[in-house]
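Starting off with a structure, shown below.
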Amino acid sequence: METAELIETWLDRGLRAVVVGAVAASTLLWHDGAQAQPKEEPVLNLYSARHYQTDEALYDNFTKQTGIKINRIELGDEQLLQRVRSEGANSPADVILLVDAARMWRAQIDGLFRPIQSKVLESRIPTNLRSNDGTWFGFSTRARVIVYNEAKVKPEDVATYELLADPRNKGLVCTRSGSHPYMLSLIGAMVERSGEAATEAWARGMVANMARPPRGGDTDQIRAVASGECGVALTNTYYWVRLLRSTDPKDKEVVAKVGFIWPNQATSGTHVNVSGGGVARYAPHPANAQKFLEYLVSPEAQRYFADGNNEWPVVKGAEVDNKALASLGSFKAENVPISSIGKGQVAAQRILDKAGYR
């Protein structure tokens, strides 16, 4: 073979080797790059204002199903939101759970949630029980009802929220603080339904009818009604059902003295609120966060809400086994979107301040 041909052959072989080597190297780099793509850690950082021991089973079941470990921080609604605000973009929170529409609306306008798209959540949660921008969702419901002392008060005199402010109930009414989220949401719904002027007149009537300054939680209000310190009070349904399910003789004695009313059944319906949440804006594990929210509308999770903490499921047809909750029967609920209730809290707080409702 001529010298020129030899050189050409060597060059050709060398070029082929270079090409093959380059292809092999690029394939290896691609393969290594694919392997190096970050995967979701099997962990979820949950910031929760739900402080119910019965939720432990809810979380444990999620971990068993998915292998995702839950790291949990529990604080009151406002403390929780303040923590997320202060952490900013460095927040480790993946999911934020809150127990009231007013707080969820506040988190929404503060930009603490990120919008998500989920056919599971959209198909199972009614539109009136979630935000209008896809940032938060209600997972369970509770109603704000009236309880009264059966020896002191006639049920027809306290059959509506409006009647609690009527002069006939002077010196009989007890509530928790007007600035508590449960009360702010109720008053926000009244603003949405009746306007600010009518709601302010109601708030002034409530202040005039107080048996004592607002204090304590919902269970405290029920016990004060049973003792006769108050004639009538407001409470969320799950507090009442807890007493119904209790085997403590003292709790049974309370239940025996207290009557229960679904307010406004002939008019606007009973006020309903939600416990819910969404994916945190800077969630480091967003896929795990969405998995968790979708788990909360699964049949087993919805059953936990009802059987564990005496709340109603949001998913239509969800099976529950809570006889005490079922004993309350059906009722007419108000037709006010949850997102509107949250929005009304600003006006609600202004009204409370003007009326001197502490």
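The values are calculated or read from the model by the stated rules, or taken from the named source; none is laboratory data. What you are looking at is a predicted structure, and each value in this text was computed from that prediction instead of being measured. Cβ sites come from the backbone with ideal geometry, for glycine too, and all protein chains shown count toward neighbours.
Give the number of residues within region 89-113 that are surrounded by fewer than 15 Cβ atoms within 10 Å (Cβ to Cβ), outside any loop (DSSP other than H, G, I, E, B) and not small (G, A, S).
2
Out of all the residues in region 304-358, which are under 20 Å from T54 (Cα atoms) and of a type in the set (F, W, Y)? Spell out the reasoning first.
Initial filter on region 304-358 (under 20 Å from T54 (Cα atoms)): 304-315, 318-326.
Matches in region 304-358: Y304, F305, W312.
If a residue must be without any contact (Cβ under 8 Å) to a residue 24 or more places away in the chain and either more than 21 Å from C230 (Cβ to Cβ) or among the hydrophobic types (A, V, I, L, M, F, W, C) (or both), how many such residues does region 176-193 contain?
Residues in region 176-193 being without any contact (Cβ under 8 Å) to a residue 24 or more places away in the chain and either more than 21 Å from C230 (Cβ to Cβ) or among the hydrophobic types (A, V, I, L, M, F, W, C) (or both): 0 in total.
Which one of the conditions (1) among the β-branched types (V, I, T); (2) closer than 30 Å to G195 by Cα; (3) assigned to a loop (DSSP other than H, G, I, E, B) does V297 fail to meet, given that it meets all the rest?
Every listed condition holds for V297 apart from (2).
Here's another thing I want to ask about it. Collect the residues in region 114-125 that are assigned to a helix (DSSP H, G or I) and of a type in the set (A, V, I, L, M, F, W, C), keeping them in residue-number order.
V120, L121 - these are the residues of region 114-125 that are assigned to a helix (DSSP H, G or I) and of a type in the set (A, V, I, L, M, F, W, C).
Quick one: count up the residues across region 50-69 that are part of a loop (DSSP other than H, G, I, E, B) and either in contact with a strand residue (DSSP E or B) (Cβ under 7 Å, 6 or more places away or on another chain) or exposed (fewer than 13 other Cβ atoms within 10 Å of the Cβ) (or both).
Matching residues across region 50-69 total 5.
Filter region 75-95 for residues that are among the acidic types (D, E), in contact with a strand residue (DSSP E or B) (Cβ under 6 Å, 6 or more places away or on another chain) and at pLDDT 95 or above and give the result.
D94
Specify the residue that is nearest to G259 (Cα to Cα); the eligible residues are those in region 128-160 that are part of a helix (DSSP H, G or I) and in contact (Cβ under 8 Å) with a residue 60 or more places away in the chain. Explain how you work it out, then say what you get.
Keep residues of region 128-160 that are part of a helix (DSSP H, G or I), which gives 128-129, 155-158.
Still in the list and also in contact (Cβ under 8 Å) with a residue 60 or more places away in the chain: 128-129, 155, 158.
Working: N128: 30, L129: 29, P155: 8, V158: 11 Å.
In this case the residue turns out to be P155.
Take the residues in region 177-234 that are hydrophobic (A, V, I, L, M, F, W, C) and out of contact with any helix residue (DSSP H, G or I) (no Cβ under 9 Å at 6 or more places or on another chain); name whichever of them is modelled with the lowest pLDDT.
Going residue by residue through region 177-234, those that are hydrophobic (A, V, I, L, M, F, W, C) are 183-184, 186-187, 189-191, 197-198, 201-203, 206-208, 210-211, 222, 224-226, 230, 232-234.
Restricting the remaining residues to those that are out of contact with any helix residue (DSSP H, G or I) (no Cβ under 9 Å at 6 or more places or on another chain) gives 197, 210, 224.
Numbers: A197: 95, M210: 98, A224: 98.
Checking each candidate, the answer is A197.
Does region 318-328 contain at least one residue that is surrounded by fewer than 18 Cβ atoms within 10 Å (Cβ to Cβ), farther than 26 Å from F260 by Cα, hydroxyl-bearing (S, T, Y) and out of contact with any Pro (no Cβ under 6 Å at 6 or more places or on another chain)?
no
Now for a different question. So for region 210-223 (the condition being small (G, A, S), within 28 Å of the chain's Cα centre (by Cα) and within 19 Å of N309 (Cα to Cα)), does at least one residue qualify? Write out each step before concluding.
Let us first name the residues in region 210-223 that are small (G, A, S), namely 211, 216-217.
Now narrow it down to the ones that are within 28 Å of the chain's Cα centre (by Cα): 216-217.
Right, trim to within 19 Å of N309 (Cα to Cα) and you get 217.
Yes - at least one qualifying residue is present in region 210-223.
Still on this model: D321 passes all but one of (1) over 23 Å from W202 (Cβ atoms); (2) in a helix (DSSP H, G or I); which number fails?
Among (1) over 23 Å from W202 (Cβ atoms); (2) in a helix (DSSP H, G or I), the lone unmet condition for D321 is (2).
While we're on this one: I need the full set of residues from region 38-49 which are crowded, with 20+ Cβ neighbours inside 10 Å and in a loop (DSSP other than H, G, I, E, B), in order please.
Listed by number, the list holds a single entry, A49.
Kindly check whether there is at least one residue in region 79-88 that is in contact with a helix residue (DSSP H, G or I) (Cβ under 9 Å, 6 or more places away or on another chain), under 23 Å from T141 (Cα atoms) and either surrounded by fewer than 24 Cβ atoms within 10 Å (Cβ to Cβ) or touching a residue at least 24 places away in the same chain (Cβ under 8 Å) (or both).
Looking through region 79-88, at least one residue is in contact with a helix residue (DSSP H, G or I) (Cβ under 9 Å, 6 or more places away or on another chain), under 23 Å from T141 (Cα atoms) and either surrounded by fewer than 24 Cβ atoms within 10 Å (Cβ to Cβ) or touching a residue at least 24 places away in the same chain (Cβ under 8 Å) (or both).
Go through region 306-333 and give me each residue that's within 19 Å of R103 (Cβ to Cβ) and at pLDDT below 95.
Passing the criteria: only N309.
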